[in-house]
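Some notes on the structure that comes next.
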Amino acid sequence: MIKIHIGIDDTDSYKGGCTTYIASILSEELDKKRWIKIIDYPNLIRLNPNIPFKTRGNGSIAFRILIEKYKIDKLMDKVWNTVLENSFLYGKTSPSVVFWEGEINKEIRKFYNRALTTLVSYSYLDKIIERNSDKITIFFKEKKRSLIGALAAIGGILTSDYTFELIAYRNPSIDTRYRKIDFLSVIRFDRKIRPYTFNNFDYNKKRILITPHGPDPVIFGIRGNNPKYLLKALRIIVTKERIERWTIFRTNQGTDAHLSIFKKIKETRPYDSVIIKGRVLENPKIMRGGHILFKISDETGSMLVIAYKETGRLCKIIKLLKKGDLVEVYGGIRPPSKNYPLSLNLEKIKVIETPPIKVSYNPLCPVCSRRMKSAGRNKGYKCKHCGYYSKNLRKVVIYKPRLLKPGIYIASPRAHRHLTKPLSRYENVNRGDKIKIVFPWHYP
């Protein structure tokens, strides 16, 4: 048997549909075939969230299977027809499927990393396909843009860190944006399974985080480090909508996979996902609406950083920054606009140094212990209470410790992107490429 990797992208639109729903259908169909051996959970791969023409969740799918070589054509027909039959073809939706034969090489892994962190050009895509034409077979509906996501999913083999997500679906004919989830059951699940799952509920805003808000078939999605804990959601979370199917995915969500590249300010380009180390140039400014702006600098230049009000507790931290603080800022590079120059939309900040605040006071009177007044430039100090005068006294300098301490600070859970790494995962990372599939991993 030979190894085949299947990448799928761009099957949905803002009007409906869901690529993971199609992956759930394929999970059922492929798992039935005796001539196919599935060797990994379907991979849900999120790519660079800062790309303006991304698909709705900027996610693509990869399957990894073993199959007899003479069955490959049959497999391709099955997958492509299933994708076409279940895609929501509206507007610019253009589904694509990529098949890769054999082991994943370094070039495809690099392609995935680029699709995670920057803007991938069509010329680069064409070069990759041409150089690997003996391994690649491609299908696409109209536009080849979605081939970038499909090929990147194949390259995202998830060895450095990964999480799991159990996604439950309703019938796709139900296109309302409202999900009928019992509020208290989500809280009960979160408290019982914590810390093995994350981003289930925002206790500050009393808001459920496991449900989407679009007209798609997803009822809820539970994310965590271990698939066996995700299955408990099916027994605890109460929904008034019939669950038509569910599937467990292995994914790069919750890993900060897109925030791995350090760049100097001068090296940044629009839509990059980057980390920049620099000094705070000026104290933060709070704008109308609650957004906060501040500048950082390194040896190559300076850059505006924007912390949006919606990031919640991250904005509270930014207010505590002072000129001279050493920080690492994590986020996406926003192109110049009418209101702002090239800038960074802040997702996370690492505070490295917070120098104490230098404060100077007039000296105390040695006679009556009250604060003295300056007698004029270079003329010493005089006490207005007892009349004592001295030309030799100097200001008293003290250094006040900062309220802001070194550390990593991220947005409130309600503002997390798919890829945002929650604080609960910083010491609980999955590694390795030996995956043991827990049964059941899909229904039906």
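Restriction of the chymotrypsin sites (Phe, Trp or Tyr not before Pro) in segment 371-442 to DSSP coil positions whose beta-carbon has at most 15 other beta-carbons within 10 angstrom yields Y426.
For the pair segment 105-146 and segment 72-95, the centres of their Cα atoms are 19 angstrom apart.
Taking the convex hull of the Cα atoms, report for segment 192-234 its projected area averaged over all directions, in nm². Don't skip to the answer; put the middle values down first.
Numbers: hull surface 14.3 nm².
With every direction weighted equally, the projected area is 3.6 nm².
So how do 402-408, 143-149 stack up, highest first, on mean other-Cβ count within 10 Å? Display every interim value, and only then the final one.
Details: 402-408: 12.6, 143-149: 22.0.
Those peptides, ordered most packed to least, come out 143-149, 402-408.
Among K316, K240, K395, the largest mean-square fluctuation in a Gaussian network model of the chain (Cα springs under 10 Å) belongs to K395.
GNM remark for the chain: springs join alpha carbons under 10 Å apart, and the peak mean-square fluctuation among V397, V97, V218 falls on V397. Hull volume per residue, based on the alpha-carbon atoms of segment 357-400 and their convex hull, is 70 Å³.
Considering only I357, I317, I210, the mean-square fluctuation computed in a Gaussian network model of the chain, springs between alpha carbons under 10 angstrom, is largest for I357.
From the helices alone, meaning DSSP H stretches of at least four residues, give me the mean residue ellipticity at 222 nm for the chain, per-run term -39500 (n - 2.57), in deg cm²/dmol to the nearest 500.
Numbers: 9 runs with 87 residues, N = 444.
Computed ellipticity for the chain at 222 nm equals -5500 deg cm²/dmol.
Remark: segment 275-292, residue by residue, has Karplus-estimated 3J(HN,Hα) of 10, 10, 9, x, 9, 6, 7, 8, 4, x, 10, 8, 8, 4, x, x, 5, 10 Hz, where x stands for each Gly or Pro and the curve is 6.51 cos²θ - 1.76 cosθ + 1.60 at θ = phi - 60°. Computed from Cα positions, the angle between helix 19-32 and the longest principal axis of the chain comes to roughly 40 degrees. Identify the GluC sites (Glu not before Pro) of segment 250-340 meeting these criteria: DSSP loop state and at most 15 other C-beta atoms within 10 Å of the C-beta. Sparse-neighbourhood loop GluC sites (Glu not before Pro): E282, E299.
In this rough spin-label picture, where each label sits 7 Å from Cα along the Cβ direction, the I243-W35 distance is 3.3 nm.
Of the chymotrypsin sites (Phe, Trp or Tyr not before Pro) found in segment 164-262, those in coil by DSSP whose Cβ has at most 14 other Cβ atoms within 10 Å are Y178, Y203.
Report, for the chain, the % of DSSP beta bridges that are antiparallel, rounded to 5.
Values: 87 of 93 bridges.
Counting DSSP beta bridges with both partners in the chain, the antiparallel share is about 95 percent.
Distance between the 7 Å Cα→Cβ label points at S412 and N428: 2.3 nm.
Pairs from the table (K192/K436; K285/K309; K295/K348; K264/K319; K264/K400; K3/K436) lying more than 21 angstrom apart at Cα are K192/K436; K264/K319; K264/K400. Normalised by the number of residues in segment 166-238, the mean separation of alpha-carbon contacts (under 8 Å, six or more apart) gives a relative contact order of 45 percent. In segment 56-108 the Cα-Cα distances spread across 5 Å bins starting at 0 as 4, 12, 24, 23, 17, 12, 6, 1 percent of all pairs. Can you tell me the 0 to 90 degree angle between the C-alpha axis of helix 183-193 and the longest principal axis of the chain, rounded to 10? The answer is roughly 80 degrees. Taking every Cα-Cα distance in segment 154-212 and sorting them into 10 Å bins starting at zero, the pair-distance distribution P(r) comes out as 16, 42, 28, 14 percent.
This model, with +1 at the C-beta of Lys and Arg and -1 at the C-beta of Asp and Glu, gives the chain a dipole about its Cα centre of some 3220 debye. The separation of segment 194-223 from segment 404-444, counted between C-alpha centres, amounts to 14 Å.
Once Rg and the Kirkwood radius are both taken over the C-alpha atoms of segment 2-157, their ratio Rg/Rh works out to 0.93.
Calculate, in nm to one decimal, what V396 and K3 gain on full extension: separation in residues at 0.36 nm each, minus their alpha carbon distance.
Working: separation 393, 0.36 × 393 = 141.48 nm, distance 7.39 nm.
Length gained, V396 through K3: 134.1 nm.
If R0 is taken as 30 Å, the Cβ-Cβ distance between N378 and I357 corresponds to a FRET efficiency of 0.70.
Axis angle, to the nearest 10 degrees, between helix 145-155 and the longest C-alpha principal axis of the chain: 90 degrees. Which values of log₁₀ I(q)/I(0), to two decimal places, follow from the Debye formula for the chain at q = 0.08 Å⁻¹ with a uniform point scatterer at every Cα? Per q value, in the given order, log10 I(q)/I(0) is -0.53. As a length-normalised measure over Cα pairs under 8 Å and 6 or more apart, the relative contact order of segment 2-157 settles at 36 percent.
Computed from the coordinates by the stated procedures, all read-outs in this text should not be read as laboratory data. Computed from a prediction, not measured in an experiment: that's the story for all the values here. Because the Cβ atoms are built from the backbone with ideal geometry, glycine has one as well, and the counts that use them run over all protein chains shown.
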